[in-house]
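Q: Sending over a structure as structure tokens; questions will come in a sec.
The values are calculated or read from the model by the stated rules, or taken from the named source; none is laboratory data. Keep in mind the model is a prediction, meaning the values are calculated, not measured. Positions of Cβ are generated from backbone atoms using ideal geometry, with glycine treated the same way; all protein chains shown enter the neighbour counts. Only protein heavy atoms, including side chains, enter the accessible area calculation; ligands, DNA and RNA are left aside. Shrake-Rupley method; radii C 1.70, N 1.55, O 1.52, S 1.80 Å.
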Amino acid sequence: MENLFRLADHDDFFSRRCIWVNGPVIVGAGPSGLATAACLREQGVPFVVLERAECIASLWQKRTYDRLKLHLPKQFCQLPKLPFPEHFPEYPTKRQFIQYLESYAKHFEINPQFNECVQSARYDETSGLWRVKTISTAGSTRNEVEYICRWLVVATGENAERVMPDIEGLSEFCGDVSHACEYKSGEKFTGKKVVVVGCGNSGMEVSLDLCNHNASPSMVVRSSVHVLPREVLGKSTFELAVLMMKWLPLWLVDKLLLVLAWLILGNIENYGLKRPSMGPLQLKNVVGKTPVLDIGALEKIKSGDIKVVPGIKRFTRNQVELVNGEKLDVDSVVLATGYRSNVPSWLQEGEFFSKNGFPKAASPHAWKGNAGLYAVGFSRRGLSGASSDAMKIAEDIGSVWKAETKQQKKRSTACHRRCISQF
């Protein structure tokens, strides 16, 4: 605690409301942040969770389409210490997953500080503490708050901000343009010609949903993509891959998955979908690109209900010109162009995180940095990877916390009246 007073040497320390956190600050109340908080609770370590939105799991609640279900079986998506309810289906719906997360937060008494947008976080060498500055936007008031803590857990995840592509003429296009994070249902697109930019899981599912609502989607495929069946003979493809990885090398598992995909789905290159030269699991590990798990879109592609088109050259007022010279009349555009990390915009640190917002170290070493800095949900291994990171982080902090708590002697230390030790 005595290190806290060294902060007083800085000019702006007493210019804002300051809160000392007797434990880690967790930035982000999505699944990763909740998992870390729950594991810390089990370790008996106090914490504060900061969340810029007014709810937990804002990506799931506000930026996902209605038909979304978990792509993997629920046993691979549950968070630590609390499984999904038994009556939930193997692939829970969006609403069911949100219900699970809300019950998870309630069970572990996780109460995030909502509407707290982190502006900056930096390690103070003088005090050996982290300084996390936020702007609180609760109600009509706008308050600046600075949290002082020993440990900082970055849990904002891989998908914090949408990626908006720079396409010539897009700003001049007269039709509706939206990102997949704004897409809810194909209902309002009935009878319209829609260009879906992107062929990942979101692009495929949006295109399928548009078909189911009698729209005419054209899906832009700019690069190669792996498409795998979601299940093989009634068993999850992911579960099958995990099982094979216990006995076989990754390259061989990749080859077996591609053989199974060819037997079940056929040669997808006949329909304008070129496979990458790197196998699906290797590609995920090296680049972070997730294979598409087909839930019906490929059948629509084969029937021609979803038209696969090459890259876009430019937009005009009511048309799109493709790189092959073809021109299409278009009513609407949905940009399924993915998301990115926002860590570089607020974390003032260059050793642990790279410029793309991901830890420099590869999994499984991407969870711990120096000076009490941790990352959860950046391993490119989905919810199971985030859960694994959360448990490691809580155990690491918990071991230090317990050791120091035993040795700590009772002592009273005066605190400046504007530094409020609430947590």
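Q: When DSSP assigns beta bridges and you keep just the ones with both residues in the chain, what percent turn out antiparallel, to the nearest 5?
A: 45 percent
Q: Here is a further query. Could you tell me which residue out of GLY288, LEU170, SER103 lies farthest along the dipole of the chain toward its positive end? Charges go on the beta carbon: Lys and Arg +1, Asp and Glu -1, centred on the Cα centre.
A: Comparing the listed Cα positions along the dipole, SER103 ranks first.
Q: Another question, then. Where does each of ARG131, ARG381, ARG122 land when they are ordered by accessible area, with a 1.4 Å probe and the largest first?
A: Descending accessible area places them as ARG381, ARG122, ARG131.
Q: Sticking with this structure for a sec: Expressed as an acute angle from 0 to 90° and rounded to the nearest 10, what is the orientation of the C-alpha long axis of helix 31-43 relative to the principal long axis of the chain?
A: Roughly 40 degrees between the two axes.
Q: While we're looking at this one, here's another question. Computed from the coordinates I sent, mean projected area of the Cα convex hull in nm² equals one of (i) 23.5; (ii) 27.0; (iii) 19.7. Tell me the label.
A: (i)
Q: With the full set of protein chains in place, find how many percent of the accessible area of the range 163-338 is carbon and sulfur; take the probe as 1.4 Å.
A: That fraction is 52 percent.
Q: Can you tell me what share of the DSSP beta bridges in the range 163-338 is antiparallel? A percent to the nearest 5 is fine.
A: 30 percent
Q: If I ignore ligands, DNA and RNA and count only protein heavy atoms, how much of CYS39 is accessible to a 1.4 Å probe, in Å² to the nearest 10?
A: Approximately 10 Å² for this residue.
Q: If you don't mind, there's one more thing I want to ask. Kindly provide the GluC sites (Glu not before Pro) of the range 317-374 that DSSP labels as loop, not H, G, I, E or B, and whose Cβ sees at most 16 other Cβ atoms within 10 Å.
A: Loop-located and lightly packed - GLU326, GLU351.
Q: Can you give the net charge of the other residues whose Cβ lies under 15 Å from the Cβ of ARG41, counting K and R as +1 and D and E as -1?
A: For residues surrounding ARG41, the net value is 0.
Q: Ignoring ligands, DNA and RNA, what accessible area per residue does the range 159-248 give at 1.4 Å, in Å²?
A: Here the per-residue accessible area is 47 Å².
Q: A further question follows. With +1 on each Lys and Arg Cβ and -1 on each Asp and Glu Cβ, how big is the dipole of the chain about its Cα centre, in debye rounded to the nearest 20?
A: 540 debye
Q: Projected area of the range 163-338, taken from the Cα convex hull and averaged over every viewing direction, in nm²?
A: About 10.3 nm², averaged over all directions.
Q: Please identify every one of the trypsin sites (Lys or Arg not before Pro) in the range 185-260 that sits in a loop by DSSP and has no more than 14 other beta carbons within 10 Å of its own beta carbon.
A: LYS246
Q: Here's a follow-up. Kindly list the residues of the range 200-214 that lie in the label zone of ASP329, defined by a backbone N under 19 Å from the point 7 Å along the Cα-to-C-beta vector.
A: Output list for this probe position: 214.
Q: Run lengths n ≥ 4 of DSSP H only: what is the helix-derived mean residue ellipticity at 222 nm for the chain, with -39500 (n - 2.57) per run over all residues, to the nearest 500?
A: That calculation yields -8000 deg cm²/dmol at 222 nm.
Q: In addition: For GLU205, GLU187, GLU168, GLU90, give me the order by solvent-accessible area with a 1.4 Å probe, most accessible first, ignoring ligands, DNA and RNA.
A: Output order, biggest surface exposure first: GLU187, GLU168, GLU90, GLU205.
Q: Taking the Cβ of THR64 as the centre, find all other residues whose Cβ is under 13 Å away and add up their charges (Lys, Arg: +1; Asp, Glu: -1).
A: +4
Q: ARG340: accessible area at probe 1.4 Å, nearest 10 Å²?
A: 120 Å²
Q: If you add up the charges near TYR339, with Lys and Arg at +1 and Asp and Glu at -1, over every other residue whose beta carbon is less than 10 angstrom from its beta carbon, what do you get?
A: The answer is +1.
Q: Considering the zone a paramagnetic label at SER363 would reach in this model (a point 7 Å from Cα along the Cα-to-Cβ line), which residues of the range 30-67 have amide N under 14 Å from it?
A: 32
Q: Sort the range 47-203 into rounded, prolate or oblate with this rule: let a ≥ b ≥ c be the square roots of the eigenvalues of the Cα gyration tensor; rounded if a/c is under 1.5, and if a/c is not under 1.5, prolate when a/b is larger than b/c, oblate otherwise.
A: oblate
Q: Please compare each pair in LYS69/LYS106; LYS235/LYS392; LYS192/LYS255; LYS81/LYS246 to a cut-off of 32 Å on the Cα-Cα distance and tell me which ones are over it.
A: Checking Cα-Cα distances, LYS192/LYS255 exceed 32 Å.
Q: What Kirkwood hydrodynamic radius do you get for the range 267-392 when you take the inverse of the mean 1/r over all pairs of distinct Cα atoms, in Å?
A: One over the average 1/r among Cα pairs gives 18.2 Å for the range 267-392.
Q: Moving to a separate point now. Between the range 72-128 and the range 245-261, what is the separation of their alpha carbon centroids in Å?
A: One Cα centre to the other: 32 Å.
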